[in-house]
Amino acid sequence: GAGVSQSPRYKVAKRGQDVALRCDPISGHVSLFWYQQALGQGPEFLTYFQNEAQLDKSGLPSDRFFAERPEGSVSTLKIQRTQQEDSAVYLCASSFLEGEKLFFGSGTQLSVL
Amino acid sequence: GENVEQHPSTLSVQEGDSAVIKCTYSDSASNYFPWYKQELGKRPQLIIDIRSNVGEKKDQRIAVTLNKTAKHFSLHITETQPEDSAVYFCAVSGSSNTGKLIFGQGTTLQVKP
């Protein structure tokens, strides 16, 4: 089937705007992760879902970041009152089970002006 | 928490030569070690992975070796081709339960024709 799908591919926001980034994992994948990748850096963990349960949100940089996966499939990462330091590529990844191979989406490149 | 160091940050080789990238980690409980290839503007793609009960794994021109005692693992690419040019990231599973990955800083590999 299709791989991990993310939308939008690019997002430009004015400082202070709220944004919502969408992730469609591979069908049937239980685990879903969000990562943030700054330019020239490796991805950094933000949060993890097992089905609809958010089991780890230790990587979220502030309370402006919120993620949900209400039906255990599609996930949304929301950033409120965006700041310039939020500019990065936001990657979603999924795996069939815990500890299994992780497959990444192409990411959403967020630019905050 | 887990710390992953990756070297070198850049690597330039002649087509047909071998390339080796090394990573060290700090948490002796880590048990999963994948390598991802990321081309410019593209998603990270899993190219090979190894678990802690195995010392070496090979897939055609790519191999990974793991030394758990020394807490380091390496990616070996033989007979390099120009299409191998990309950024390579090592990663370590910081928890055996979730598959949450801690990434290295990346190595930019350039294969000169």
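The values are calculated or read from the model by the stated rules, or taken from the named source; none is laboratory data. These numbers come from a predicted model, not from an experiment. Here the Cβ is made from the backbone with ideal geometry for all residues, glycine too, and neighbour counts use every protein chain on show. Keep in mind that these areas ignore ligands, DNA and RNA; they rest on the heavy atoms of the full protein, side chains included. Shrake-Rupley method; radii C 1.70, N 1.55, O 1.52, S 1.80 Å.
Which residues, counting only those in region A:7-32, are under 9 Å from the mean Cα position of the chain (by Cα) and open to solvent by 60 Å² or more (accessible area, probe 1.4 Å)?
The answer is A:Arg22, and nothing else.
Report whether or not A:Leu46 is modelled with pLDDT of 95 or more, more than 13 Å from chain B (Cβ to nearest Cβ), surrounded by 17 or more Cβ atoms within 10 Å (Cβ to Cβ) and part of a strand (DSSP E or B). Please lay out each step first, then the result.
On the way: modelled with pLDDT of 95 or more: yes; more than 13 Å from chain B (Cβ to nearest Cβ): no; surrounded by 17 or more Cβ atoms within 10 Å (Cβ to Cβ): yes; part of a strand (DSSP E or B): yes.
In short, no.
Per-residue answers, yes or no, for (1) in contact with a helix residue (DSSP H, G or I) (Cβ under 8 Å, 6 or more places away or on another chain); (2) open to solvent by less than 60 Å² (accessible area, probe 1.4 Å); (3) under 22 Å from A:Gln36 (Cα atoms):
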position: B:Val4; (1), (2), (3): no, yes, yes
position: B:Ala19; (1), (2), (3): yes, yes, no
position: B:Ser30; (1), (2), (3): no, yes, yes
position: B:Glu39; (1), (2), (3): no, no, yes
position: B:Asn53; (1), (2), (3): no, no, no
position: B:Pro82; (1), (2), (3): no, yes, no
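Looking at A:Ser94, A:Ser73, A:Ser5, which one is farther than 20 Å from B:Glu39 by Cα and either more than 11 Å from chain B (Cβ to nearest Cβ) or not hydrophobic (A, V, I, L, M, F, W, C) (or both)? Steps first, answer last, please.
Details: A:Ser94 fails: farther than 20 Å from B:Glu39 by Cα; A:Ser5 fails: farther than 20 Å from B:Glu39 by Cα.
Result: A:Ser73 is the single residue among A:Ser94, A:Ser73, A:Ser5 that is farther than 20 Å from B:Glu39 by Cα and either more than 11 Å from chain B (Cβ to nearest Cβ) or not hydrophobic (A, V, I, L, M, F, W, C) (or both).
A:Tyr35 is checked against (1) exposed (fewer than 12 other Cβ atoms within 10 Å of the Cβ); (2) touching a residue at least 24 places away in the same chain (Cβ under 8 Å) and fails just one. What number does that condition carry?
(1)
Could we say that B:Ser52 is touching a residue at least 24 places away in the same chain (Cβ under 8 Å) and polar (S, T, N, Q) here? Before the answer, list the steps.
Working: touching a residue at least 24 places away in the same chain (Cβ under 8 Å): no; polar (S, T, N, Q): yes.
In short, no.
What's the number of the condition A:Leu60 fails, among (1) more than 27 Å from B:Glu5 (Cβ to Cβ); (2) touching a residue at least 12 places away in the same chain (Cβ under 8 Å); (3) out of contact with any Phe, Trp or Tyr (no Cβ under 7 Å at 6 or more places or on another chain)?
Every condition holds for A:Leu60 apart from (1).
Take region A:65-87 and flag every residue that is part of a helix (DSSP H, G or I) and exposed (fewer than 14 other Cβ atoms within 10 Å of the Cβ).
Initially, region A:65-87 is screened for residues part of a helix (DSSP H, G or I), giving A:84-86.
The answer is A:Gln84, A:Glu85.
With (1) within 23 Å of A:Phe103 (Cβ to Cβ); (2) touching a strand residue (DSSP E or B) at 6+ places or on another chain (Cβ under 6 Å); (3) in a strand (DSSP E or B) as the list, and B:Ser30 as the residue in question, which single condition is left unmet?
Every listed condition holds for B:Ser30 apart from (3).
Pick from B:Tyr36, B:Tyr25, B:Tyr88: which is within 30 Å of A:Pro25 (Cα to Cα), within 9 Å of another protein chain (Cβ to nearest Cβ) and aromatic (Phe, Trp, Tyr)?
Details: B:Tyr25 fails: within 9 Å of another protein chain (Cβ to nearest Cβ); B:Tyr88 fails: within 9 Å of another protein chain (Cβ to nearest Cβ).
Only one candidate passes the filter, namely B:Tyr36.
Of all residues in region A:88-113 being among the aromatic types (Phe, Trp, Tyr) and either assigned to a strand (DSSP E or B) or at pLDDT 95 or above (or both), which is nearest to A:Gly16 (Cα to Cα)?
A:Tyr90
Within the group B:Glu39, B:Glu56, which residue is more than 23 Å from A:Gly3 (Cβ to Cβ) and among the charged types (D, E, K, R)? Can you show your working first?
On the way: B:Glu39 fails: more than 23 Å from A:Gly3 (Cβ to Cβ).
Exactly one residue qualifies, and that residue is B:Glu56.
Looking at (1) within 14 Å of another protein chain (Cβ to nearest Cβ); (2) of a type outside the set (Lys, Arg); (3) over 11 Å from the mean Cα position of the chain (by Cα); (4) not in a loop (DSSP other than H, G, I, E, B), which is the only condition A:Gly40 fails?
It is condition (4) that A:Gly40 fails.
Being more than 7 Å from chain B (Cβ to nearest Cβ), over 16 Å from B:Pro44 (Cα atoms) and not hydroxyl-bearing (Ser, Thr, Tyr) is the filter; apply it to region A:98-113 and report the residue that is surrounded by the fewest Cβ atoms within 10 Å (Cβ to Cβ).
Ranking the candidates gives A:Leu113 first.
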